[in-house]
Structure formats: C-alpha cells, structure tokens
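Asks: Pasting in a structure now, in structure tokens, and then I'll have a few things to ask.
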Amino acid sequence: MNIEQVVQTAVSDLALGSVFTFDDLYGVVQQRRGRRLRIVELAEIGDHDGLCAVWLTTDEDDIIIHARTDSALHRQQFVLHELSHMILGHCDGDECTETDVLLPDIPPHTRARLLRRQDLDSDTEIAAESLADRLAAGIRGSAFAESRYFEVFG
Ligand SMILES: [Zn+2]
C-alpha cells in the first residue's frame with residue numbers, strides 16, 4: 001500500500017465521519033489502545049527552533065508532550081501528528097520511545113531534545129503528517145481549543 005492508501009484506510013477505520021470533535025478522536029484512540037492517553041504541554045519550551053512534540057509510553061499511559069505555543073493551530077498539528085503515529089501503529093516496533101521517568105523531573109535541556117522534530121523524510125513521518133492533515137480537516141472550529149484533555153507542566 002502506498003502512503004495515501006494507508007492514510008485513507010486509517011481514516012476509514014476511525015469511523016468518525018467527515019466532521020468530528022477533537023474529543024471524539026481522543027476517545028477513539030484511547031479506546032483502541034486500551035490505555036490512558038495524556039496530552040501535556042511543557043510550559044517553558046516554546047515552539048521556535050522546530051520544537052514540536054513527542055509521544056512517550058509508560059506502563060499505564062500514552063503521553064503526548066508538546067512545546068508551548070500561542071497558536072492553537074500549531075498545538076493542534078503537534079498533537080494530531082503524534083496521535084497519527086499511534087493510529088498508524090508506529091509504536092508497535094522497536095522505534096518506540098519509552099520512559100519510566102516522571103516527566104516533571106526531566107531537566108529542561110533533555111525536554112528540548114525530546115521535543116526536537118525528527119526526520120521528516122521517512123515514510124512513517126510522511127504518513128503521520130498526512131494523516132494529521134486529514135484529521136485537522138475533519139475537526140471543526142474551536143472544538144480543539146475547548147477540549148478538556150490538556151494538561152500543563154511548567
Ligand atoms: Zn513524527
């Protein structure tokens with residue numbers, strides 16, 4: 001399957017219809033993975049320098065950590081990109097980042113390294129970015145900004 005087909009199949013499998021809220025999407029992803037999903041903003045890291053987001057897994061949780069940004073659109077893209085990796089099953093192999101570190105204890109320079117945008121040329125990155133765009137197109141208006149599923153560390 002080419003990337004376009006992979007993304008199309010993933011969208012169909014989510015069965016969210018053509019218009020949905022971020023919370024609908026959150027619910028589907030969490031249910032499919034059978035784990036708690038947390039979305040955490042690191043308040044002291046900005047979205048300059050190409051910093052974006054990272055997906056970590058622990059024994060109980062999936063955690064998306066993203067840089068602070070004043071742009072709701074940027075935040076949405078950071079989070080949707082990481083959600084897309086989950087939806088596409090990109091963490092089922094060895095490339096998955098794992099941590100058992102309590103996040104507030106991670107020193108700032110380490111956090112910045114974690115949040116550095118990774119190689120955007122690989123197939124998994126292109127697929128995740130493409131699915132994120134598709135999801136963004138389905139999410140209506142301010143639904144994302146109004147989500148209750150956001151935490152802030154900092
Ligand atoms: Zn990625």
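Read-outs throughout are calculated quantities, based only on the coordinates presented, and are distinct from any laboratory measurement. Bear in mind that the values here come from a model prediction, so they are computed numbers and not experimental data. Quick reminder, even Gly has a Cβ in these numbers, built from the backbone with ideal geometry, and neighbours come from all protein chains shown.
Asks: Label point 7 Å out from Arg33 along Cα-to-Cβ: which residues of the stretch 57-83 have amide N under 19 Å?
Replies: Only 57-68, 75-83 pass the distance filter.
Asks: I'd like the GluC sites (Glu not before Pro) in the stretch 1-44 restricted to DSSP loop residues with at most 13 other Cβ atoms within 10 Å, sorted by number.
Replies: Here the sparse-neighbourhood loop sites are Glu44.
Asks: For the stretch 12-90, what class follows from the C-alpha gyration tensor (a ≥ b ≥ c being the square roots of its eigenvalues): rounded when a/c is under 1.5, otherwise prolate if a/b is larger than b/c, else oblate?
Replies: Verdict is oblate for the stretch 12-90.
Asks: At what distance in nm do the modelled label points of Ala136 and Glu44 sit from each other, each positioned 7 Å from its Cα along Cα→Cβ?
Replies: Here the answer is 2.9 nm between the modelled labels.
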